[in-house]
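Read the structure below first, then the notes.
Computed from the coordinates by the stated procedures, all read-outs in this text should not be read as laboratory data. Just so it is clear, the structure is predicted and the values come from calculations on it, not from any experiment. With ideal geometry, Cβ positions are generated from the backbone for all residues, glycine too; neighbour counts draw on all protein chains shown.
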Amino acid sequence: MTSLFAALAYLVGSIPTGYLLFRASEKKDIRSFGSRATGATNVLRLKGWRYALPVALIDIAKGFLPAFLALRIFGDPVLAVVCASLAVFGHCYPIFIGFRGGKGVATAAGAMFAIAPGPALLSLAVFVATIALTRYVSLGSILAAFSFPFFMELFHMRFVLITLTSPILLIIIIRHAENIRRLLSGTERKFGRKTETIE
């Protein structure tokens, strides 16, 4: 039963929200524009807040619900963290659209709030503060992901749970490899800057 639930967590994470909304609106593949990702940040740059907000909310729910339900149904924090990782993996590597999806930030945020609301709130503060100071969404995402295990330790959470969040951190770093290279070279796009025209 738990294995089936974990598989469902991956499938829920694989629902390509940004891809579907962009396809419905533009009849085009969002992965051909902007950052080539399917997440809310790319939707925001290409289509604006009216389209990006529902994408962000649904992507957050994709991470929150599997982890939250694992806690409520099975009462198992370890299973909740595993389901959280699988939901993020599904968002980044969705089976439904050829394993090319988003960067996992919104889905990871939802999962983090289900697993550990206190540490997640502090990580959100890191995310917001970094963007406010630098206007780099990618940097905010990376630092928020890195800070989460430390905040879990601050809240004296079980070591096994902290360790099991490592895949989420690893996935986010891998998906932001290009952003890290651009940050180091000084060519990363800042928040609010339009990337390109949809043609």
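Only one of Gly101, Gly75, Gly118 is of a type in the set (Gly, Ala, Ser) and within 20 Å of Pro16 (Cβ to Cβ); which? Just a single option satisfies the conditions, and that option is Gly101.
Residues that are touching a Gly at 6+ places or on another chain (Cβ under 6 Å) and surrounded by 24 or more Cβ atoms within 10 Å (Cβ to Cβ) number at least 1 in the following helices (runs of 4 or more DSSP H) confined to the stretch 67-141: 77-92, 105-115.
Tell me yes or no: at least one residue of the stretch 144-153 is under 26 Å from Leu46 (Cα atoms), touching a helix residue (DSSP H, G or I) at 6+ places or on another chain (Cβ under 6 Å) and not aromatic (Phe, Trp, Tyr). Yes, that holds for at least one residue.
Scan the stretch 1-38 for residues that are in a loop (DSSP other than H, G, I, E, B) and crowded, with 16+ Cβ neighbours inside 10 Å and the total you get is 8.
Taking residues in the stretch 172-184 that are closer than 9 Å to Ser138 by Cα, and partners anywhere that are in a helix (DSSP H, G or I) and hydroxyl-bearing (Ser, Thr, Tyr), the pairs with Cβ atoms closer than 7 Å and at least 6 places apart or on different chains are His176/Ser138; His176/Ser141; Asn179/Ser138; Leu183/Ser138. Which of (1) among the small types (Gly, Ala, Ser); (2) out of contact with any Cys (no Cβ under 8 Å at 6 or more places or on another chain); (3) more than 17 Å from Gly39 (Cα to Cα); (4) buried (at least 24 other Cβ atoms within 10 Å of the Cβ) does Gly63 not meet, given it meets every other one? Result: Gly63 passes all but (3).
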